[in-house]
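The values are calculated or read from the model by the stated rules, or taken from the named source; none is laboratory data. Just so you know, these numbers come straight off a predicted model, no measurement behind them. Don't worry about glycine lacking a Cβ; one is built from the backbone with ideal geometry, like all the others, and counts go over all protein chains shown. Protein only, heavy atoms only, side chains kept; ligands, DNA and RNA dropped before computing areas. Shrake-Rupley method; radii C 1.70, N 1.55, O 1.52, S 1.80 Å.
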Amino acid sequence: MGKRQFLIAGNWKMNGGPYQAAELLDGLKEKKKNISEDVDVVVCPPFVSLGMAVQHLHNSDIQVGAQDLYFENNGAYTGEISAAMLVESGCNYVIIGHSERRRYFAETDDLVNKKAKKAITEKIIPIVCVGESLDERKNNTHFNIVSDQVKKALKDISDTEILDVVIAYEPIWAIGTGETATPAQAQQMHVHIRSRLAELYDDETASAIGIIYGGSMKPANAEELLTQPDVDGGLIGGASLEAESFAELITIAENIS
Ligand code: 13P
């Protein structure tokens with residue numbers, strides 16, 4: 001059983017045009033001149049800033065990802081971006097099925113699955129997001145909801161392909177709210193997800209898949225989350241928008257790994 005690698009991923013959401021991206025990434029490179037090879041680091045700026053990000057991170061240990069893709073190769077899909085275009089732009093990760101896309105852009109589990117499969121075909125690592133709402137947690141349906149999302153998102157993804165997928169558990173109630181899942185809540189859900197993966201694949205495969213946590217992760221709470229045995233990194237929104245805090249998060253992961 002291989003050791004799971006930490007992944008620290010910044011989801012910039014709709015923040016940072018090309019010039020702002022250049023400034024933020026130069027600041028980050030300045031603060032993190034070398035990154036331990038035990039930690040993978042990726043930033044996911046908006047589409048229009050991907051080119052600038054790739055340029056500024058050339059020869060650095062930081063990789064670039066996108067926040068979405070469309071599953072068709074090309075054609076009359078106004079406003080959409082294909083997986084091949086992301087590859088050509090220098091991306092090797094893509095966030096798929098973020099709760100904000102599910103909620104504001106009506107993304108279904110079926111669409112999430114199509115997008116994840118397309119990323120795999122084009123050899124981009126999909127970071128597939130799952131997570132329950134506050135009501136679902138209060139109703140105690142959160143485990144079932146997340147099981148269902150995992151199963152549907154991974155439909156027809158083979159036992160070798162799944163090894164290049166990252167799952168992000170992002171409880172919706174913890175996103176951008178300043179409220180974080182407790183380390184125990186995160187660990188409990190990550191174990192739950194891993195056991196679903198063991199059912200869909202097998203134990204050995206499940207134990208090799210990275211499951212990262214997202215939802216108000218910041219330097220002040222990262223250590224207690226990242227030291228949970230099944231938390232393999234973070235998908236970071238707000239705290240990835242400042243070089244200082246994102247650099248600190250990387251350092252915390254380096255010190256734990
Ligand atoms: P925040 O870190 O701002 O809560 O966002 C989390 C998130 O949605 C990352 O994808």
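Key figures for this structure:
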| read-out | value |
| --- | --- |
| Residue in the stretch 35-53 that is nearest to the chain's Cα centre (by Cα), counting only those that are within 10 Å of residue 21 (Cβ to Cβ) and not small (Gly, Ala, Ser) | 43 |
| Any hit, the stretch 76-92, residues being within 15 Å of the ligand (Cβ to nearest atom) and either in contact (Cβ under 8 Å) with a residue 24 or more places away in the chain or surrounded by 15 or more Cβ atoms within 10 Å (Cβ to Cβ) (or both) | no |
| Residue in the stretch 231-238 that is β-branched (Val, Ile, Thr), touching a Ser or Thr at 6+ places or on another chain (Cβ under 9 Å) and at pLDDT 95 or above present | yes |
| Of residues in the stretch 234-257 being open to solvent by less than 10 Å² (accessible area, probe 1.4 Å) and near the ligand (Cβ under 9 Å from one of its atoms), the one farthest from residue 22 (Cα to Cα) | 234 |
| Of all residues making up the stretch 223-233, the number that are touching a Lys or Arg at 6+ places or on another chain (Cβ under 8 Å) and within 16 Å of the ligand (Cβ to nearest atom) | 1 |
| Residue within the stretch 39-46 that is farther than 26 Å from residue 149 by Cα and away from the ligand (no atom under 16 Å from the Cβ) present | yes |
| Scope the stretch 192-222; condition away from the ligand (no atom under 16 Å from the Cβ) and not hydrophobic (A, V, I, L, M, F, W, C); matching residues | 192, 194, 195, 196, 199, 201, 202, 203, 204, 205, 207 |
| Filtered residues of the stretch 47-67 (kept if of a type outside the set (A, V, I, L, M), out of contact with any helix residue (DSSP H, G or I) (no Cβ under 6 Å at 6 or more places or on another chain) and surrounded by 19 or more Cβ atoms within 10 Å (Cβ to Cβ)) | 63, 65, 67 |
| Leading residue by the ranking (most open to solvent (accessible area, probe 1.4 Å)) among those in the stretch 151-191 that are of a type in the set (D, E, K, R) and within 13 Å of the ligand (Cβ to nearest atom) | 179 |
| Flag if residue 15 is among the polar types (S, T, N, Q) and under 19 Å from the mean Cα position of the chain (by Cα) | yes |
| Unmet requirement for residue 125, which otherwise passes all of (1) open to solvent by 40 Å² or more (accessible area, probe 1.4 Å); (2) free of Cβ contacts under 8 Å to residues at least 24 places away in the same chain | (2) |
| Residue 96 vs. criteria closer than 26 Å to residue 193 by Cα, touching a residue at least 24 places away in the same chain (Cβ under 8 Å) and within 16 Å of the ligand (Cβ to nearest atom) | yes |
| Tally, over the stretch 111-140, of residues that are touching a Cys at 6+ places or on another chain (Cβ under 9 Å) and away from the ligand (no atom under 16 Å from the Cβ) | 1 |
| Test: residue 137 is of a type in the set (Lys, Arg), part of a helix (DSSP H, G or I) and surrounded by fewer than 15 Cβ atoms within 10 Å (Cβ to Cβ) | no |
| Residues (aromatic (Phe, Trp, Tyr) and open to solvent by less than 20 Å² (accessible area, probe 1.4 Å)) located in the stretch 7-41 | 12 |
| Test: residue in the stretch 98-110 that is among the aliphatic types (A, V, I, L, M) and either out of contact with any Phe, Trp or Tyr (no Cβ under 7 Å at 6 or more places or on another chain) or within 30 Å of residue 60 (Cβ to Cβ) (or both) | yes |
